[in-house]
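A.B. asks: Here you go, one structure.
The values are calculated or read from the model by the stated rules, or taken from the named source; none is laboratory data. Remember, it's a predicted structure, so these values are computed and weren't measured experimentally. Because the Cβ atoms are built from the backbone with ideal geometry, glycine has one as well, and the counts that use them run over all protein chains shown.
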Amino acid sequence: MRENALATQIIGAAIEVHKQLGPGLLESAYEECLAHEFTLRSIQFERQKPLPVVYKGIKLDCGYRLDFLVSESVIVELKAVEQLMPIHHAQTITYLKLTNCKLGLILNFNVRLMRTGIKRVVLNL
């Protein structure tokens, strides 16, 4: 249940950022502002966290990075796209598997209403 409580806080922060900025900016702008909003709300996070791939017992640095890892348990992937695609869901599932996290949030800021840009991705929750 900890993940659900965190998700509520994360979504609240994302809605505030979207309310202030609206759609149409680059993903990097939303990332910067969301990091600031997390700080204002005392939400513990790591930004652009490196994510190695473990292949046959060997840790490989393939250049993957999580946009945010919140409280070591919820992955947050940011997008600023016309619409979310199946690859975005697949990417988040892979990140959940690699981190052993159970909940991921895909936040697409390129929408008129932020609530329509939120997708929960669950793995064994």
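A.B. asks: Identify the single condition in (1) polar (S, T, N, Q); (2) farther than 15 Å from residue 114 by Cα; (3) at pLDDT 95 or above; (4) not in a strand (DSSP E or B) that residue 48 does not satisfy, given that it satisfies every other one.
C.D. replies: Every condition holds for residue 48 apart from (4).
A.B. asks: If you go through region 86-125 one residue at a time, how many are part of a helix (DSSP H, G or I) and either among the basic types (Lys, Arg) or in contact with an Asp or Glu (Cβ under 8 Å, 6 or more places away or on another chain) (or both)?
C.D. replies: Residues that pass the stated criteria total 6.
A.B. asks: Moving on to the next point. Of the numbered conditions (1) closer than 13 Å to residue 105 by Cβ; (2) without any contact (Cβ under 8 Å) to a residue 24 or more places away in the chain; (3) part of a loop (DSSP other than H, G, I, E, B), residue 43 satisfies every one except a single condition; which is it?
C.D. replies: (2)
A.B. asks: Determine which member of the set 41, 2, 47 is over 21 Å from residue 97 (Cα atoms) and surrounded by 11 or more Cβ atoms within 10 Å (Cβ to Cβ).
C.D. replies: 41
A.B. asks: Could you list, in sequence order, all residues of region 10-33 that are in contact (Cβ under 8 Å) with a residue 60 or more places away in the chain and either assigned to a helix (DSSP H, G or I) or basic (Lys, Arg) (or both)?
C.D. replies: 10, 11, 14, 15, 17, 18, 19, 21, 27, 30
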